[in-house]
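These notes concern the structure reproduced below.
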Amino acid sequence: MISVILKRFEAPDETRVLIKGKFEIVRLGGLTIGRATYEPGWKWSLHVGPAVGASRCTVEHVGMGDIRGLFHLVASARAVR
């Protein structure tokens, strides 16, 4: 029998409150999917990097959807081919 799992970000499994933002997480089997919401002025290098001791985000990003507003992305010099 096929089973269906339905999850919504309106009721996430976990919510991480950040400086100038929040990160909502839902888990589906072995997958973890997140939705980030940032306030104007949020910068990874200022609001996350120092807390984790890193100069760049090392988390794999599969896609970005439903982006509202403007953002500026600076990628590492290493290209994935």
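Remarks
- Within the stretch 27-54, tally of residues that are under 16 Å from VAL74 (Cα atoms) and exposed (fewer than 11 other Cβ atoms within 10 Å of the Cβ): 1
- Being hydroxyl-bearing (Ser, Thr, Tyr) and in contact (Cβ under 8 Å) with a residue 12 or more places away in the chain holds for only one residue in THR37, THR58, and it is THR37.
- Top-ranked residue of the stretch 1-16 - restricted to ones that are over 20 Å from ARG68 (Cβ atoms) and surrounded by fewer than 11 Cβ atoms within 10 Å (Cβ to Cβ), ranked as modelled with the highest pLDDT: ALA11
The values are calculated or read from the model by the stated rules, or taken from the named source; none is laboratory data. Keep in mind that what you see is a predicted model, and the values were worked out from it rather than measured. Here Cβ is always computed from backbone atoms with ideal geometry, including for glycine, and neighbour counts include all displayed protein chains.
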